[in-house]
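Just below is one structure, and these are the notes that go with it.
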Amino acid sequence: MTIDPKDLSTLYFGAKAEEKELNDDKDSNAEVFFVNPSIVVQTATKDGNKVVHGRGILAVKDIAAGDCIFVTPPTVGVNIESIKSKVRESDIALEELAMEDLIDQMMEDIQSRRIKKINSFLCLMGSTKDNGKEVTIDMLNGQDDTEVWSEEELQGLGRKEMKDTLLKNGKRRRTKDFLTHHLLIFDIL
Amino acid sequence: MQAQWKSNGDYTPPNVLGVFPLAAMINHSCTPNAVRTFSNGCMVAHACQAIPAGAEVLWSYIPPTLVTVDRRRAIKKRHGFVCKCERCMIEAKELRKDLLPVNLKQALDNADKWNEGMLDMSRIDEASKRQLCAATIHLEETLFSSKSLSNEVKRHLRVGYTNLHFNYFNSMLAAAQQQGQQQQNVQALVLQSATQLHFAYCSSNNTSTEHLSVLHLCYELANASGGNAAFWTEAMKRAHMTRYGPLGSSLISVRNCMVHTRTILRQRDGYLQVQYNFL
């Protein structure tokens with residue numbers, strides 16, 4: 001669908017979400033989704049063990065102030081209902097409960113071999129041109145079902161690896177610190 | 001939110017947390033060219049400055065309203081790296097305390113204690129309010145008027161002292177409401193300072209929520225001084241749409257979008273005049 005980056009009314013005002021048929025494809029993240037075609041993902045480049053430049057997002061064409069860069073739903077979102085009772089019944093911090101819920105969902109996606117979601121998660125683990133795994137925007141957004149990861153690599157993914165992946169930036173990252181980076185808090189009121 | 005959830009059986013927030021891998025690719029800068037908000041369960045990112053071809057898309061991981069030392073400390077603690085963005089580098093170079101003249105260093109030290117966060121004016125005694133005002137004026141007369149600092153670093157510094165400015169605005173305007181005939185003079189002083197802050201934000205952290213609330217304040221004060229400036233102009237709309245996209249074109253949706261922001265107008269006992277007019 002072609003979208004004018006200066007007019008995203010249909011995306012914003014929920015018409016798409018209301019009119020869209022229920023999507024049974026749990027491996028899809030295509031509810032409301034726009035990425036400005038003027039951006040690309042830059043993968044990290046290494047010279048030996050030294051990172052020459054890290055990952056990032058670059059503009060390949062001029063982007064004017066006010067232009068939309070992207071509108072994306074989360075690849076995984078916390079299941080509010082599932083943690084609601086846990087919040088009431090335990091003294092565990094909400095951030096920890098939310099983190100565990102996200103990892104539960106990610107593990108379920110991995111075990112069910114939902115390739116699009118797996119590609120999205122594993123892009124967070126880091127890809128460089130050296131390991132041959134190019135990161136693309138479609139992959140990050142859970143839109144690409146190309147099987148670039150081996151069964152052996154997927155076998156090695158457990159809860160610890162998922163949690164480490166999400167927390168990997170910075171040293172001794174506590175869950176709460178992590179939330180300000182990889183996970184971004186929605187409208188919570 | 002957790003406490004509310006525990007006590008109110010019917011309460012369910014619309015959303016809590018999610019993983020956004022594309023957003024996670026965006027690196028940090030203290031002078032970002034992109035901003036993010038949330039709408040309808042999605043993350044929405046807009047360019048807040050023009051981004052030329054070949055440039056990296058960058059946004060700020062932390063609020064812009066911190067001075068260099070505090071920004072770097074927050075970034076290091078939360079994200080494990082030392083920020084070396086353009087703003088941090090130029091501020092670190094020009095504001096080295098061991099090289100600053102004594103009067104500038106003293107102005108910074110006086111200002112720092114009022115810049116740590118938003119103050120509850122109902123709990124601040126009159127002597128402290130006078131110290132706050134004196135520190136703000138001292139900063140204005142020394143650093144912001146200094147010929148030895150570049151205009152660029154002065155703009156960044158103003159933004160870094162946003163909390164000081166907001167505390168000053170709240171204190172002055174609350175006092176002005178009680179001063180009758182002196183009210184317009186005080187409002188004019190605040191307007192002058194708020195306008196400078198607005199221009200600083202334009203180049204440093206354009207259309208951050210703090211910037212937008214400063215803009216609102218400027219328009220309100222301009223009218224309070226007897227002007228007849230229209231508030232919801234095309235330019236204002238464009239400024240809000242830069243951050244909020246189409247949601248920024250409607251004042252009603254802007255009010256909803258900004259309801260969570262820690263702005264001057266959200267501060268208890270803060271400036272209330274605009275409460276029923278704009279936000």
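The values are calculated or read from the model by the stated rules, or taken from the named source; none is laboratory data. Predicted, not measured: the structure shown is a model, and the values here were computed from it. Counting neighbours? That spans all protein chains shown, and the Cβs are built from the backbone with ideal geometry, glycine included. These area figures cover heavy atoms from the full protein model, side chains too; ligands, DNA and RNA do not enter into them. Shrake-Rupley method; radii C 1.70, N 1.55, O 1.52, S 1.80 Å.
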Given the structure, is B:Q106 open to solvent by 40 Å² or more (accessible area, probe 1.4 Å), within 14 Å of chain A (Cβ to nearest Cβ), out of contact with any His (no Cβ under 7 Å at 6 or more places or on another chain) and among the polar types (S, T, N, Q)?
no
Out of curiosity, is A:R55 among the basic types (K, R) and under 19 Å from the mean Cα position of the chain (by Cα)?
yes
Filter the stretch A:74-86 for residues that are closer than 20 Å to B:G41 by Cβ and either part of a helix (DSSP H, G or I) or not small (G, A, S) (or both) and give the result.
A:P74, A:T75, A:V76, A:V78, A:N79, A:I80, A:E81, A:S82, A:I83, A:K84
Specify the residue that is modelled with the lowest pLDDT; the eligible residues are those in the stretch A:131-162 that are open to solvent by less than 60 Å² (accessible area, probe 1.4 Å) and of a type in the set (D, E, K, R).
A:K133
What single numbered condition from (1) at pLDDT 80 or above; (2) open to solvent by 40 Å² or more (accessible area, probe 1.4 Å); (3) hydrophobic (A, V, I, L, M, F, W, C) fails to hold for A:L22?
(1)
May I ask you to list the residues in the stretch B:168-207 that are touching a Ser or Thr at 6+ places or on another chain (Cβ under 8 Å), open to solvent by less than 20 Å² (accessible area, probe 1.4 Å) and touching a residue at least 40 places away in the same chain (Cβ under 8 Å)?
B:Y168, B:F169, B:S193, B:Y201, B:S204, B:N205, B:T207
Out of all the residues in the stretch B:60-68, is one or more of a type in the set (V, I, T) and open to solvent by 80 Å² or more (accessible area, probe 1.4 Å)?
no
If you check B:R78, B:R36, B:R73, which single one turns out to be of a type in the set (D, E, K, R) and more than 9 Å from chain A (Cβ to nearest Cβ)?
B:R73
Filtered residue count, the stretch B:196-214, keeping only those that are in contact with a Pro (Cβ under 8 Å, 6 or more places away or on another chain) and more than 16 Å from B:A34 (Cβ to Cβ):
1
Looking at (1) open to solvent by less than 30 Å² (accessible area, probe 1.4 Å); (2) at negative phi; (3) within 7 Å of chain B (Cβ to nearest Cβ); (4) not charged (D, E, K, R), which is the one condition that is false for A:A65?
(1)
Pick out, from the stretch B:1-103, the helices (runs of 4 or more DSSP H) lying fully within it that include 3 or more residues that are modelled with pLDDT of 85 or more and out of contact with any strand residue (DSSP E or B) (no Cβ under 6 Å at 6 or more places or on another chain).
B:68-79, B:86-94
Applying the selection to the stretch A:43-72, what residues are modelled with pLDDT under 90, part of a loop (DSSP other than H, G, I, E, B) and of a type outside the set (S, T, N, Q)?
A:G48, A:G54, A:R55
Of those in the stretch A:68-95 that are among the aliphatic types (A, V, I, L, M) and within 7 Å of chain B (Cβ to nearest Cβ), the residue farthest from A:I39 (Cα to Cα) is A:V87
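Return the only residue of B:F231, B:F166, B:F199 being under 20 Å from the mean Cα position of the chain (by Cα) and farther than 28 Å from B:E116 by Cβ.
Numbers: B:F166 fails: farther than 28 Å from B:E116 by Cβ; B:F199 fails: farther than 28 Å from B:E116 by Cβ.
Step by step, each of B:F231, B:F166, B:F199 is checked, and only B:F231 is under 20 Å from the mean Cα position of the chain (by Cα) and farther than 28 Å from B:E116 by Cβ.
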Quick one: in the stretch B:111-128, which of the residues that are open to solvent by 70 Å² or more (accessible area, probe 1.4 Å) and in a helix (DSSP H, G or I) is farthest from B:P63 (Cα to Cα)?
B:E126
